[in-house]
Each structure stands twice: as structure tokens, then as C-alpha cells.
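First up is the structure itself, then whatever we jot down about it.
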Amino acid sequence: MSDTAIRASSETLLATKAPKRPANMGQILRWLILFLGGIAMIMPIVYMLSTSLKWPHEVYDVNLVPKEPTLDNYRFVLEDGRFYGWFINSLVIATITTICNLFFDSLVGYTLCKFRFPGRYIVFIAILSTLMIPTEMLVIPWYLMSQQFGWLDTYWGIMFPGLMTAFGTFLMKQFFETVPNDFIEAARIDGLNELEIWWTVAMPLVRPALAALAIFVFLGNWTAFIWPLIVTNSVEMYTLPVGLSSFGDEADVAWELIMTGAAISTIPTLVVFLIFQRFIIRGVVMAGLKG
């Protein structure tokens with residue numbers, strides 16, 4: 001092809017190329033809302049980290065950057081022997097509760113989804129109806145039950161209300177709906193019992209739901225405050241949120257120490273998210289490929 005023909009073809013392509021459309025007002029507004037929402041979500045974290053690096057007399061300064069940054073707050077909190085006990089209490093309670101939720105919620109969700117028995121819809125609706133009951137209304141029955149069975153100021157007393165949740169059951173049931181019944185029937189023909197089918201066939205196919213549920217349950221129990229505060233009596237049984245609140249009293253509140261403990265307490269939540277978020281992303285990608 002000659003140079004003249006190539007030049008003519010290039011001019012034709014440039015002439016027919018559509019001009020780049022400028023961003024419309026709707027797109028600009030969406031980006032602005034996302035930006036403001038991101039700022040609103042990250043500012044409390046920035047304030048927490050900033051306050052944890054301040055001296056007591058700087059806590060109420062509006063400046064986010066400390067004038068005289070210090071790590072004494074972290075040294076004081078980490079040298080306080082009570083902090084490690086609170087940390088272990090929260091870690092044990094959140095971990096055991098998360099494992100129990102993954103087991104019981106998935107088992108009940110699988111049963112309600114893959115078994116046909118009279119009244120299963122009534123059972124499912126009854127479980128969902130508990131979501132409409134505020135937690136504050138259940139605190140008194142929980143406390144009376146804990147008192148009668150001797151569960152006050154114990155790990156079991158803190159954990160038992162959250163060992164199984166209606167939200168987790170609903171989430172797992174909805175995800176088990178996506179598991180083809182042909183897989184279940186093929187496993188039954190191969191001679192597997194229902195527990196083996198649930199564990200080896202159905203559970204691997206709902207890993208994204210399990211990962212999401214693990215994150216929600218762990219975070220919910222790690223940050224729980226009202227119920228652990230009510231059911232515990234001794235300082236040794238405090239969870240981390242309850243223990244951090246003891247850094248303040250009616251006369252003075254050591255906000256710098258509370259923020260320091262809160263900053264340290266975010267580490268396990270970040271670890272849990274980093275462990276399970278890859279399963280969520282993988283599940284979304286696989287769902288897109290199947291679609």
C-alpha cells in the first residue's frame with residue numbers, strides 16, 4: 001500500500017472517530033458522593049489514630065496531627081496486665097462464636113433448603129421473625145437464664161446468645177439455594193449420608209457465604225459491649241470493649257488510652273478480613289463466569 005493510501009486511511013479513521021464525551025453531571029455527582037462517603041468513613045479511624053498519639057492535654061485539640069507525638073500511650077496500655085486478659089477473652093469468645101455460627105447456621109440453612117418436610121416454611125418464618133426483636137428486649141430474659149443456670153461471669157454466659165443467629169441461617173439458606181439439586185441427588189446415589197453430603201458437597205460450594213458470615217459474626221462479637229457489660233462482674237472476665245471503658249470514670253476519661261486500646265483492637269479484625277476476603281472475591285468472580 002502506498003504512502004498516499006495509508007495517509008488517506010488514517011485521515012478517514014480520525015474523521016470517523018467519535019469525540020470523547022465529557023463526564024456528565026450525574027457521573028460527577030456520583031463520584032462526589034462516593035468521595036464524601038469515603039471521607040466520612042475514614043475520619044473516625046484517622047481521629048482514633050491521632051488521639052492515640054497525643055498527650056492528655058492535647059486530646060481536645062481539633063488538630064488531627066499531634067503537636068508532640070508520643071508512643072507512651074501504647075506503652076502504658078501494653079504494660080497493663082489487664083489488657084492482655086481482655087484481649088484473650090474477646091479473642092476466645094469471638095472465635096468460638098464464629099465457629100459455632102458457621103456450623104449451626106449452615107446446618108440449619110441446608111436442612112431448610114434441601115429437605116422437604118411439613119412446616120419447614122413456618123420454621124423458617126419463625127426464625128426470620130426473631131430479627132424484628134430488638135436485642136435490648138432480650139437482655140432481661142438472657143440475664144435471668146444466665147442467673148438460673150449459673151452462667152454469670154463466665155465465657156458460656158457471654159457466648160450463648162450468639163452461638164446461632166437468624167441472619168446467618170437466612171444467609172446460608174439463600175446460598176444453598178444456588179447449589180444444584182442434581183449434585184445432592186448424585187451424592188445420595190453414591191451412598192453418602194446427609195451429613196457427608198452437607199460437608200463434602202454443599203459446603204465447598206458456599207464458601208463465599210461462609211466467609212462473609214465469619215466476618216460479620218467475628219466483628220459483631222469482637223465489638224459487643226452491652227451484653228458482656230451486663231453479664232460480667234469481675235474485671236478478669238471483661239471483654240476488650242468493656243475493659244477499655246474502665247479507663248474512664250465520672251471525674252475523668254482517659255480518651256488517649258481508650259483510643260490506643262481501640263487502635264490495637266483493630267488488628268485482629270483486619271487479620272480476619274484479610275483471611276476471608278479472598279474467598280468472597282473468588283466467589284464473586286466464579287459467579288460472574290457462570291453467568
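If you go through region 228-244 and keep only what is over 12 Å from residue 155 (Cβ atoms) and either surrounded by fewer than 17 Cβ atoms within 10 Å (Cβ to Cβ) or among the small types (Gly, Ala, Ser) (or both), you end up with 229, 233, 234, 235, 243.
Might you let me know whether region 129-138 holds any residue that is surrounded by 13 or more Cβ atoms within 10 Å (Cβ to Cβ), within 18 Å of residue 225 (Cα to Cα) and either in contact with a Gly (Cβ under 9 Å, 6 or more places away or on another chain) or not hydroxyl-bearing (Ser, Thr, Tyr) (or both)? Before the answer, list the steps.
Looking only at region 129-138, we keep the residues that are surrounded by 13 or more Cβ atoms within 10 Å (Cβ to Cβ), and these are 138.
Still in the list and also within 18 Å of residue 225 (Cα to Cα): 138.
Filter once more, so that each one left must be either in contact with a Gly (Cβ under 9 Å, 6 or more places away or on another chain) or not hydroxyl-bearing (Ser, Thr, Tyr) (or both): 138.
Scanning region 129-138 turns up at least one residue that is surrounded by 13 or more Cβ atoms within 10 Å (Cβ to Cβ), within 18 Å of residue 225 (Cα to Cα) and either in contact with a Gly (Cβ under 9 Å, 6 or more places away or on another chain) or not hydroxyl-bearing (Ser, Thr, Tyr) (or both).
In the list 71, 64, 138, which residue meets the criterion of being without any contact (Cβ under 8 Å) to a residue 60 or more places away in the chain, touching a helix residue (DSSP H, G or I) at 6+ places or on another chain (Cβ under 6 Å) and over 20 Å from residue 212 (Cα atoms)? Unique residue meeting the criteria: 64.
Based on what the data block shows, is residue 199 under 15 Å from residue 230 (Cβ atoms), surrounded by 13 or more Cβ atoms within 10 Å (Cβ to Cβ) and either of a type in the set (A, V, I, L, M, F, W, C) or in contact with a helix residue (DSSP H, G or I) (Cβ under 6 Å, 6 or more places away or on another chain) (or both)? Steps first, answer last, please.
Numbers: under 15 Å from residue 230 (Cβ atoms): no; surrounded by 13 or more Cβ atoms within 10 Å (Cβ to Cβ): yes; either of a type in the set (A, V, I, L, M, F, W, C) or in contact with a helix residue (DSSP H, G or I) (Cβ under 6 Å, 6 or more places away or on another chain) (or both): yes.
Spelling it out, it is not the case that residue 199 is under 15 Å from residue 230 (Cβ atoms), surrounded by 13 or more Cβ atoms within 10 Å (Cβ to Cβ) and either of a type in the set (A, V, I, L, M, F, W, C) or in contact with a helix residue (DSSP H, G or I) (Cβ under 6 Å, 6 or more places away or on another chain) (or both).
From the set of residues in region 159-193 that are more than 30 Å from residue 142 (Cα to Cα) and touching a residue at least 24 places away in the same chain (Cβ under 8 Å), which is surrounded by the fewest Cβ atoms within 10 Å (Cβ to Cβ)?
Looking only at region 159-193, we keep the residues that are more than 30 Å from residue 142 (Cα to Cα), and these are 175-193.
Now drop any that are not touching a residue at least 24 places away in the same chain (Cβ under 8 Å), which leaves 175-179, 181, 184.
Working: 175: 23, 176: 22, 177: 12, 178: 12, 179: 18, 181: 10, 184: 20.
So, considering only residues that are more than 30 Å from residue 142 (Cα to Cα) and touching a residue at least 24 places away in the same chain (Cβ under 8 Å), the one surrounded by the fewest Cβ atoms within 10 Å (Cβ to Cβ) is 181.
All of (1) closer than 23 Å to residue 269 by Cβ; (2) at pLDDT 90 or above hold for residue 150 with one exception: (1). Confirm whether residue 214 is assigned to a helix (DSSP H, G or I), of a type outside the set (Asp, Glu) and closer than 16 Å to residue 101 by Cα. In short, yes.
Quick check on residue 179: is it assigned to a loop (DSSP other than H, G, I, E, B) and of a type in the set (A, V, I, L, M, F, W, C)? Judged against the criteria, residue 179 is a match.
The values are calculated or read from the model by the stated rules, or taken from the named source; none is laboratory data. Keep in mind the model is a prediction, meaning the values are calculated, not measured. Positions of Cβ are backbone-derived with ideal geometry, glycine not excepted, and every protein chain shown enters the neighbour counts.
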